[in-house]
Amino acid sequence: MLTRGHRMGTARELDRYTQLATKASKISPKEYVRNDVKRGLRNANGTGVNVGVTRISSVIGYETKGDQVIPTDGRMFYRGIDLYNIIQGLEADQRLGYEEVVYLLLFNELPNVSDLTQFEAYLNAGRHLPEQFKESVILSQPSNHIMNYLQRMILALYSYDSEPDNTSLKALLDKGLHILAKMPTMIAYGYMAQEHYFKQQSLVLHAPIFASSAENILHMIRPNCDYTAEEVRILDLLLIVHAEHGGGNNSAFTTNVISSSGTDIYSTLTAAVGSLKGIKHGGANLKAMEMINDIIDQVSDPHNPADIEAYLRRVLDGKAYDKSGVIYGMGHAVYTKSDPRAQLLKSALETMSQDKPVWRERLEIASLIEETTKRLMKEKKGDDFEICANVDLYSGIVYQLLNIPPALYTPIFATARMAGWLAHILEQTSDGKIMRPAYITLQEEHTYIPMADRKRGV
């Protein structure tokens, strides 16, 4: 609803328009079945409808035999390399890896030392914002939601580009890398401006440093710029597991649809950010964190499995937390037995929380949520039903234990996913074909009625 003097009409008029729109917009689920249309681009057995091909990444969460879906342990591959193997390699070398993953996703090869050093320098050269951008874009119109703020900032970069509509592969790559490099700066400055204008905090904007994306994020969002090597490692891991997730996820599909039209990269990435904002996509991490906070506030003993079970039963019945009936952080459209991203984050948290009681407490609660929900859902849907913790259950804990403000949870997700979005844009535009699927129309032919013969509205 518009405010600040932009209110239109009356509440009665809006109520009537809402009734008309509801009637005009409603389509019965039976119509999808009758017309053999895959609602939500999902088959009847829950598997996704194939709408394209990609070499960028793959997500495995089940096997199929005919129409039967067989649950399996989750696996994720970046350019054919198992995510677990990537993380093991980085841990063996004790180094950060998000920039290496970006290189792999874009160029289909692992960089050597020289390649990676040069690529990191290329990104660091692009972290600063254009002259006067802070004053004219970020500080002049602050927003109370950083994801919308981020959309505006990305769109504003269009005006600072001498050839914004150049969609050659070279131009798209250059523009995309500059946007990716600036993401830590834009979300940090957007947050600082939000804190200043909406919460009357001091305005402090730290310049980006010649360092990794994870280090830049922590450096720019903290008043004293301090961070530990341990904090950087787990944030870097978070960026890696969020960098890409197959062509079928909602925001990646958004980039494919929009970039196929031949529009500029700024418009495409702005739309992807809008998709990721939704609580059914990237915004779920915040809901999972809030649910854990609610458990700590409402449950008498959050470490007692029986008390957690009673709470989760109320959630499923729509009587606890946000009354949606959803246990956030559990379940996924592809993963059945396990989400490798969640397992990697959980393992890292277990290692890091050994001497940190606060970290350990939240991790134990998340583990109880995971174990109890699996049992409750089998009770509800049958012993063969499999549900797993998804990445949001544990990413929310990582954000919270790093003292990252909730307003930045999904923007950091967007910062990481920029790598996958850019890879999909380059892959999609190389095809040159606009995506234009068909819809079955349910309308019937009607006769045009002259104004004088129409019924009077209520």
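The values are calculated or read from the model by the stated rules, or taken from the named source; none is laboratory data. Everything numeric in this text was worked out from a predicted model, so none of it was measured. In this analysis, Cβ positions are derived from the backbone assuming ideal geometry, glycine residues included, and neighbour counts consider all displayed protein chains. For accessibility, only protein heavy atoms count, side chains too; no ligands or nucleic acids. Shrake-Rupley method; radii C 1.70, N 1.55, O 1.52, S 1.80 Å.
Before moving on, here are some points about what is shown:
- Whole-number accessible area per residue in Å² for region 292-389, which is evaluated in the context of all protein chains at 1.4 Å: 48 Å²
- Each listed q (0.24 Å⁻¹) maps to a log10 I(q)/I(0) for region 359-458 from the Debye sum over equal C-alpha point scatterers, namely -1.18.
- Here, region 227-285 yields an orientationally averaged convex hull projection of 5.0 nm² when only Cα atoms define the hull.
- Listed peptides 179-192, 336-349, 110-123, 67-80 appear in the order 179-192, 336-349, 67-80, 110-123 once ranked by packing, highest mean of other Cβ atoms within 10 Å at the front.
- Spacing of the modelled spin labels on Q200 and K378, each 7 Å from Cα toward Cβ, amounts to 5.5 nm.
- With 5 Å bins from 0: P(r) over region 34-124, alpha-carbon pairs, percent: 3, 11, 17, 17, 15, 10, 10, 8, 6, 3, 1, 0
- Signed unit charges on C-beta, dipole axis of the chain, positive-most listed residue I295, P357, A320: A320
- When its C-alpha radius of gyration is set against 2.2 N^0.38 Å (N residues), region 139-218 gives a value of 1.21.
- Rule-of-thumb Rg ratio for region 95-229 [Cα; 2.2 N^0.38 Å; N residues]: 1.11
- Nearby aspartates and glutamates by direct alpha-carbon distance to K337 (threshold 15 angstrom, same-chain neighbours under 8 apart not counted): E63, D73, E370, E371, D383, D384, E386
- If the convex hull is drawn through the Cα atoms of region 278-401, its volume per residue in Å³: 100 Å³
- Taking the Kirkwood radius as Rh and the Cα radius of gyration as Rg, region 7-77 has a ratio of Rg/Rh equal to 1.24.
- Estimated dipole of the chain in Debye, rounded to 20 [Cβ of Lys and Arg +1, of Asp and Glu -1, Cα centre]: 1980 debye
- Carbon and sulfur %, accessible surface of the chain computed with the full protein complex present, 1.4 Å: 51 percent
- Scanning the chain for long hydrophobic helices, with DSSP H runs required to stretch 24 angstrom or more by C-alpha along their axis and to average at least -0.5 on the Kyte-Doolittle scale, returns 169-199, 409-431.
- Annotation: aspartates and glutamates with alpha-carbon distance below 20 angstrom to K455 (same-chain offsets under eight excluded): E13, D15, E444, E445.
- In this structure, the pairs whose alpha-carbon distance is over 32 Å, taken from K170/K280; K30/K374; K38/K182, are K170/K280; K38/K182.
- Dimensions (Å) - region 233-331, Cα atoms, principal axes, largest first: 55, 34, 19
- Our helix-only sum for the chain, with -39,500 (n - 2.57) per DSSP H run of n ≥ 4 divided by its residues, gives a mean residue ellipticity at 222 nm of -17000 deg cm²/dmol.
- Each listed q (0.09 Å⁻¹) maps to a log10 I(q)/I(0) for the chain from the Debye sum over equal C-alpha point scatterers, namely -0.67.
- A cut-off under 9 angstrom between Cβ atoms defines the neighbours of V49, and their net charge, with Lys, Arg +1 and Asp, Glu -1, is +2.
- Computed over the chain: relative contact order in percent, which uses C-alpha pairs under 8 Å that are six or more apart: 20 percent
- Over region 69-166 - Rg/Rh using Cα atoms and the Kirkwood inverse-distance radius: 1.11
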